[in-house]
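First up is the structure itself, then whatever we jot down about it.
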Amino acid sequence: MNPVLEIQGVSKVYHHPGKPPKQAIRNISFSAQPGEAIALLGHNGAGKSTLFRCILGLHGHDGGTIRIGGHPPGSMAAQALIGYLPEKPFFQEYLTGRELMHFHAVLAGVPSAQIEARTDELLRRVELHNDAGKPIRKYSKGMQQRIGVAQALLGDPKLLILDEPLSGLDPLGRNLVRNLINEERAKGRAVLFSSHVLADAERSCDRALILVRGELRRDISTGPAFAGLDPRRELVAAGAPGLADEVRRKGLGVEETGGVLRIELPGPELFWDLKERITALGGRVLSFGPRRRHLEDLYLAEHQ
Amino acid sequence: MRRVTAIALSTLREALRDRILLTALLFAVFITLSNLLVINFTLGDWTKMTVDLGLAAINGVGLFIAMFLGSRAITREIANHTVLTLLARPLSRVEYIMGKVLGVFAALIINMLAMGAVLWLTIKWVQSLIVGTPPHAPWIKPFIYLGMEALIIVSLAVLFSVLAGPARAVALTALTYAMGYWKDALLGAVETAVPALFWPLKVLLYAVPDLQSLNQTGELMNRFDPLPSWSGMAADAAYSVTCALAAVAFTALAFRKREL
């Protein structure tokens, strides 16, 4: 299958008069297949938005190649394949939600006869159909984010680029946008999104790319094998007084909540010794298994 | 063309909401109506005088609006980041710029038509008040020439805003307007005062639109030359469109590599 997005060795340096050049991204390479959702993770200033703008042709890049469906960034053919939500969805605030959708539908090349139906469908999907007649300036931040996601979907794009799609949303809104990303992925669209909410990102992506100071440090598949790759184990026990201190003295990680201990083991080997000790202290083992691995662990490890 | 029209309509709508437009319109109405006071103390052809003063007001106000709206059309969209979602669409930068120029021009034309309507009503009023006033004054053709001039000014303001930012764009557009409007007078003055600068200035002025030839509003009262024929006007309209297209082309070149 041909990738929708191919990025090879892309770098970007900003030159501002009177200031030293700033390397925003360096030698980034990855590709996105149809139906794949990729989360781009990194702290503020890591280069996520710069990378998005290079893909969109809004910024030039200094080295490497970018191809969208085989077309160079910024070309009409490439733009026709992309749906984009910027980090802060700034829109003409005097337009109503429906007017904004109509305006962007024309720009996205939606045939005139289909604009109304497509607008209705998308407004319904982001649950704004009842507020479509309101000016955008009266929308809450979450509503503006949702209309931003809806307009990104207008041109039936093959590649969705969503810069912080979950920011400013309440839990229901986050759930709605997460589901939308998953649905679009299931339809065969490639989705590239950035997020600071790592738990949400983890639930919506197939791969996570961790950017640190403009460099791509990790390219992690978050598929079913993701949790199993971690050799560490977690033992949950209760009713064993003094065990927490003993475990800490051995250098193991432990969390204690209401008499329940969560002990992190480097592997399965220590389990039997610990079980014996718990039993001797009058406690019991509640569970033992692979420690659930989270994107957050890897993210934090890359930033330490 | 569909995309250019969409950008133009959006720009028109945004421009019509701008307070500058309303303020300028009210100012032009005030100036035109205040003519009625002036002509009470004046001898001569009152209709022509009303036309002269009215067209001068429309010209000045139109120029002001063209410079301010033109210089802010793109820069405001960059500052508000609304340009990001637009240029992420299959929309070329040339289409975007053309849409912006056409949108501002359309707003200006609507404004000028409103001011023209006020002028027309004022002329009719003067004619009804003063017995013996000639039935008409040749003001429609000069009025159309104001539109041609406005198209050039808008496209220049957009070009300069992309090159130098909105504030400097207003100054540069005003300077270019002055150079184009008083071309001969400027050359004459330089030839007398600093002869060494005559040829460099003459070469420079070739790059400046000849607004002098589009000026048909001044001195209607004392005018001896006939106004241009309709075919002459068509040629002048083609000239102003060519100037505007050249400005759009230069804007597109400057905007092509602009990082947003």
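Coordinate-derived values only; no laboratory data. None of the values given here were measured: they were computed from a predicted structure. Glycine gets a Cβ as well: all are built from the backbone with ideal geometry, and neighbour counts include every protein chain shown.
Over 18 Å between C-alpha atoms is what I'm after, so list which of A:Lys88/A:Lys141; B:Lys100/B:Lys141; A:Lys22/A:Lys48; A:Lys12/A:Lys48; A:Lys134/B:Lys100; A:Lys12/B:Lys257 land there.
Values: A:Lys88/A:Lys141 9 Å; B:Lys100/B:Lys141 26 Å; A:Lys22/A:Lys48 15 Å; A:Lys12/A:Lys48 12 Å; A:Lys134/B:Lys100 25 Å; A:Lys12/B:Lys257 14 Å.
Cα-Cα > 18 Å for B:Lys100/B:Lys141; A:Lys134/B:Lys100; rest within.
Stretch A:Lys275-A:Val260 to full length: gain in nm at 0.36 nm per residue minus the Cα-Cα span?
Values: separation 15, 0.36 × 15 = 5.40 nm, distance 1.45 nm.
Fully extending the segment from A:Lys275 to A:Val260 adds 3.9 nm.
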*Projected onto the charge dipole of chain A (+1 at Lys/Arg Cβ, -1 at Asp/Glu Cβ, origin at the Cα centre), which of A:Leu172, A:Gly133, A:Ile66 gives the Cα projection farthest towards the positive end?*
A:Ile66
*Compute the acute angle (0 to 90°) between the alpha-carbon long axis of helix B:230-256 and the principal axis of greatest extent of the alpha-carbon atoms of chain B; round to the nearest 10°.*
30
*Karplus (6.51, -1.76, 1.60) ³J(HN,Hα), θ = phi - 60°, over the stretch A:233-238, in Hz, Gly and Pro reported as x*: 10, 10, 10, 10, 9, 9
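When Lys and Arg each count +1 and Asp and Glu each count -1, what net charge do the other residues less than 14 Å away from A:Glu246, Cβ to Cβ, add up to?
Numbers: positive: A:Arg248, A:Arg249, A:Lys250, A:Lys275, A:Arg277; negative: A:Asp245, A:Glu256, A:Asp273, A:Glu276.
Residues near A:Glu246 contribute +1 overall.
Once you have a ≥ b ≥ c as the square roots of the Cα gyration tensor eigenvalues for chain A, tell me rounded if a/c is under 1.5, and otherwise prolate or oblate according to whether a/b is larger than b/c.
Values: a/c = 2.54, a/b = 1.79, b/c = 1.42.
Verdict is prolate for chain A.
Given all pairs of different Cα atoms, what value in angstroms does the Kirkwood hydrodynamic radius of the stretch B:47-195 take?
17.4
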*May I ask you to sort B:Thr192, B:Thr50, B:Thr23, A:Thr96 by Cβ crowding, counting other Cβ atoms within 10 Å and putting the fewest first?*
B:Thr192, B:Thr23, A:Thr96, B:Thr50
*Over the protein assembly as shown, how many percent of alpha carbon pairs lie in each 20 Å bin up to the one with the longest distance?*
17, 37, 26, 13, 5, 1, 0
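How big is the dipole moment of chain A about its Cα centre under a simple scheme where the beta carbon of each Lys and Arg is +1, that of each Asp and Glu is -1, and everything else is neutral? Debye, nearest 20, please.
Numbers: 40 positive and 35 negative charges, 75 e Å.
Its charge dipole is roughly 360 debye.
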*Residue among A:Pro34, A:Gly57, A:His15 farthest towards the positive dipole end of the stretch A:5-226, charges placed on Cβ*: A:His15
*asked:* Where in chain B is the longest stretch that carries no GluC sites (Glu not before Pro) classed as loop by DSSP and with at most 15 other Cβ atoms within 10 Å?
replied: B:1-218
_Computed over the stretch B:2-256, Cα set: Rg, Dmax in Å_ = 19.6, 63
*When the helices in chain A are scored as -39500 (n - 2.57) per DSSP H run of 4 or longer and the sum is shared across all residues, what 222 nm value do you end up with, to the nearest 500 deg cm²/dmol?*
-9500 deg cm²/dmol
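Would you tell me the mean number of C-beta atoms belonging to other protein chains that fall within 10 Å of each C-beta in A:105-113, as a whole number? Don't skip to the answer; put the middle values down first.
On the way: counts 1, 9, 15, 5, 5, 0, 0, 1, 0.
That works out to 4 on average.
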_Could you tell me which residue out of B:Thr50, B:Ser71, B:Met148 lies farthest along the dipole of the stretch B:2-256 toward its positive end? Charges go on the beta carbon: Lys and Arg +1, Asp and Glu -1, centred on the Cα centre._
B:Ser71
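What is the stretch A:1-113 by shape, rounded, prolate or oblate, if you read a ≥ b ≥ c off the alpha carbon gyration tensor as root eigenvalues and call it rounded for a/c under 1.5, prolate for a/b larger than b/c, and oblate otherwise?
Values: a/c = 2.04, a/b = 1.36, b/c = 1.49.
Verdict is oblate for the stretch A:1-113.
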*Using every pair of alpha-carbon atoms in the stretch B:152-254, split the distances into 5 Å bins beginning at 0 and state the percent of pairs per bin, rounded to integers.*
2, 12, 17, 19, 19, 16, 11, 4, 1
*asked:* Using only the alpha-carbon atoms, how far is helix B:140-164 inclined from the longest principal axis of chain B? Give it as 0 to 90 degrees, nearest 10.
replied: 30
*Hey, can you grab everything whose amide H is under 5 Å from the amide H of A:Ala24? Only 5+ residues off in sequence or another chain; H modelled, so Pro and N-termini drop out.*
A:Lys12, A:Val13, A:Tyr14
*asked:* Can you list residues from other chains, or at least 5 along the same chain, whose modelled amide H is less than 5 Å from the amide H of A:Leu162?
replied: A:Leu85, A:Leu192, A:Phe193, A:Ser194
